Amino acid sequence: MIHNVLQLLEKNAISDPEKIALRDENDSVTYREYHEYTRRIGTYIAHRCNCRNKPVAVFIDRTIHSIMSFMGIAYSGNFYVPIDPTMPKDRIDLIFGTLNPVMIIACGTNALTEEYDTVPFTEAAEAKIDELLLKTIREDSLDVDPLYSIFTSGSTGVPKGVLTSHRSVLDLVGAFQDAFSFPKESVFGNQAPFDFDGSNKDIYNALNCGGTVQIVPKKYFKMPKLLVDFLRDRKVTSLIWVVSALRIVADFQALDEAEPLNLENVMFSGEVMPVKSLNYWMEHVPGARYVNLYGPTEITCNCSYYVVERRYANDETLPIGKAFRNSRVFLMNEQGQKITEKNQMGEICVAGSCLALGYWNAPEVTSRAFINDPMVPEYSARIYKTGDLGFYNDRNELMFVSRKDNQVKHMGHRIELGEIEVALNSIDLITIACCVYDKEHEKIVCFYQSKEADQERQIALEMMKKLPKYMCPNVYIRYDRLPMNKNGKIDRVKLKESLKEQ
Amino acid sequence: MDQLIEIMSRIRPDIDFMTATTLIDDDLLDSFDIIAIVGEVNHEFDVEINVNDLLPENFNSASALYELIKKLQEED
């Protein structure tokens, strides 16, 4: 049985040693080299820190060194924690306060080597492999041992480290393979930064199918024409990207004059995909399979998926579909009972091997989000409450509605802000929009981004065509660009705060 | 040129656009900044920067972008 992700690497190193496994802009390694370097790093760490299942932080960059550091840490029997060195130092210190890393590996030149006690990647990668030591570590390892921890922002202001096991990642790639059958010729164009859990889909799906990870440098997402050329030159076959990255290409119409792309898969997650952006892609890359993926970091990337089977209208919402195999996705009402009726809303809850081990060094936060299924008191049946609300539509597809805390009561009506947002985002004048509820003034406030200013009136008129008047925003605030958080989602927290200041 | 510097500074007050010459190469601007700058420039200078103009050499400095704007205005 495969119980450790490194077995996937070892399988490819034997069956396809000279195949390119990882590639960035300037550099690449074969599976043989990948296997060699990561065992050296594993030996280096294990010699220096005689410990297991402890955090080793990595100051990441956008090169193959970052991924090799991760696997090297796994060889040492510890778990990796990707840290973006361009974050404010205060936030890094806050994370390290919770984490207490036993070592920090620094990739690249931007890695705060003067402020923290770091080990350069190049030093660790020069160690001599101690086969016996690595064998002992492997024999002692369990599939439920942690593989990585990804820090996400916490509502209290202290970031939470979601701790994920080998088992969960193996479960994820197995489910993806069952659903999508990636061939070994697959080249995954990695967009997601390595401190974002989406990047694991590229790293581990490639390992599982024997394919290649092609890291796409950040700069191309500013220069969408060059991005398209890069994807074509590097023969990328699958994109598993956040919605905002796909939107950049659509917003600049970067595929209009470009030579066609030979993509097999265009998959997206992170927020609701505006249908007009999706339709742009579907028109210009008609041969690809389009998949809407859903799930928070706590359930290891994604627990449900929807393969787009038909053309959607701009004011429709894509389903988040059905559960991946071996994930149970269900709806729970406020009383802790399962909802089985269609069109009835509940909190999306998830059970299965995909569940994270919890939050590192934060037992209280863990016990609030990961609970025992209230309907199953007889044994330990852990579930994760996502805080997302959804329902099953008439086709029995799961639909995402909004965050649990985004429901508002306005003028006696119960309103889901998500529904207003779908309407706003279907308007051509609007690039992207979101709304918040200003409780103090009892107003629905729409924050939107558009190419042209002074079009509030037209937008309001459009909205009145789409929604009952009580659901139409009372205030429109235009932004040249809406603030985005680190994960490329609209920063609602910042927008809400801006209301207080006005 | 002053108007352009003002637009860019409004979007990224933390960058000195008078001196910066590696806005793209050193990842000083992110993709959302570019989208915002393009939107503003198109609006305020009445030009249409399209996807083919989105190249590092046009966006690495304010003066390079200003040259692009002048070129687009002359083409009109």
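Laboratory data are not the source of any read-out in this text; all were calculated from the coordinates shown. Keep in mind the model is a prediction, meaning the values are calculated, not measured. Glycine also receives a Cβ, built like all others from the backbone with ideal geometry; neighbour counts cover every protein chain displayed.
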Counting only DSSP loop positions in the stretch A:303-359, the GluC sites (Glu not before Pro) whose Cβ has at most 10 other Cβ atoms within 10 Å are A:309, A:334, A:341
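By the gyration tensor of its Cα atoms, with a ≥ b ≥ c the square roots of the eigenvalues, what is the shape of the stretch A:411-501: rounded for a/c under 1.5, prolate for a/b over b/c, or oblate? Let's see the in-between values first.
On the way: a/c = 1.58, a/b = 1.10, b/c = 1.43.
Cα axes put the stretch A:411-501 in the oblate bin.
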Summing -39500 (n - 2.57) over every DSSP H run of at least 4 in chain A, dividing by its residue total and rounding to the nearest 500, the 222 nm mean residue ellipticity is -9000 deg cm²/dmol
For chain A, longest principal axis from Cα atoms; helix A:64-75 axis from its Cα atoms; angle between them, nearest 10 degrees, is 60
If the label point sits 7 Å along Cα→Cβ of residue A:497, residues of the stretch A:84-98 with amide N under 14 Å come out as A:88, A:91
Treating every alpha carbon of the stretch A:306-437 as one equal point scatterer without solvent, the Debye formula yields log10 I(q)/I(0) values at q = 0.09, 0.13 Å⁻¹ of -0.33, -0.67
Counting sequence-distant residues (5 or more places) and residues on other chains, those with an amide H built under 5 Å from that of residue A:290 are A:266, A:308
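If N is the number of residues in the stretch A:327-402, what value comes out of its Cα radius of gyration divided by 2.2 N^0.38 Å? It would help to have the intermediate numbers written out before the result.
On the way: Rg = 12.9 Å, N = 76, 2.2 N^0.38 = 11.4 Å.
Dividing the Cα radius of gyration by 2.2 N^0.38 Å gives 1.13.
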Relative to chain A, whose Cα atoms define the longest principal axis, helix A:199-209 and its Cα axis are tilted in degrees, nearest 10, by 60
Relative contact order in percent for chain A (Cα pairs under 8 Å, 6+ apart) equals 10
Expressed in nanometres to one decimal, the distance between label points 7 Å along Cα→Cβ at residue A:100 and residue A:333 is 4.5
Two pseudo-spin positions, 7 Å from Cα along C-beta at residue A:15 and at residue A:138, lie apart in nanometres by 1.6
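Is the stretch A:303-368 rounded, prolate or oblate when judged by the Cα gyration tensor, a ≥ b ≥ c being the square roots of its eigenvalues, rounded requiring a/c under 1.5 and prolate requiring a/b larger than b/c?
Numbers: a/c = 2.28, a/b = 1.67, b/c = 1.37.
Prolate, since a/c reaches 1.5 and a/b exceeds b/c.
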Tilt, helix A:224-233 to longest principal axis of chain A (alpha-carbon atoms), in degrees rounded to tens, equals 40
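If R₀ is 51 angstrom, what is the calculated FRET efficiency for the pair residue A:32 and residue B:2, using the beta carbon separation as r and rounding to 0.05?
Working: r = 57 Å, r/R0 = 1.13.
After rounding, the FRET efficiency stands at 0.35.
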Karplus ³J(HN,Hα) for the stretch A:279-288 (6.51 cos²θ - 1.76 cosθ + 1.60, θ = phi - 60°; Hz, whole; x = Gly/Pro) runs 5, 4, 4, 5, 5, 8, 10, x, x, 7
Computed over the stretch B:2-75, the relative contact order (Cα-Cα under 8 Å, seq sep at least six) in percent reads 36
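For residue A:410 and residue A:256 in the same chain, what is the full-extension length gain: residue separation times 0.36 nm, less their Cα-Cα distance, in nm? Show your work: numbers first, answer last.
Working: separation 154, 0.36 × 154 = 55.44 nm, distance 4.28 nm.
Answer, rounded to one decimal: 51.2 nm.
How large is the charge dipole for the stretch A:327-402, taken about the Cα centre, if only the Cβ atoms of Lys, Arg (+1) and Asp, Glu (-1) carry charge, to the nearest 20 debye? Please report the intermediate quantities before stating the final value.
Details: 7 positive and 9 negative charges, 28 e Å.
Roughly 140 debye for the stretch A:327-402.
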For the protein assembly as shown, shape from the Cα gyration tensor axes a ≥ b ≥ c, cut at a/c of 1.5 then a/b versus b/c, turns out oblate
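At a Förster distance of 56 Å, what's the computed FRET efficiency of residue A:113 paired with residue A:394, Cβ-Cβ distance as r, to 0.05? Before the final figure, lay out each step's value.
Numbers: r = 58 Å, r/R0 = 1.03.
About 0.45, to the nearest 0.05.
Taking 8 Å as the Cα distance limit and 6 or more residues as the minimum spacing, I'd like the relative contact order of the stretch A:239-376 as a percentage. Mind dumping the intermediate values first?
Values: 206 pairs, mean separation 23.4, N = 138.
Relative contact order, the stretch A:239-376: 17 percent.
State the antiparallel share, in %, of DSSP beta bridges confined to the protein assembly as shown, rounding to the nearest 5. Before the final figure, lay out each step's value.
Details: 50 of 84 bridges.
Counting only bridges with both partners in the protein assembly as shown, antiparallel ones make up about 60 percent.
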Here the stretch B:2-75 gives, from Cα atoms, an Rg and Dmax in Å of 11.1, 33
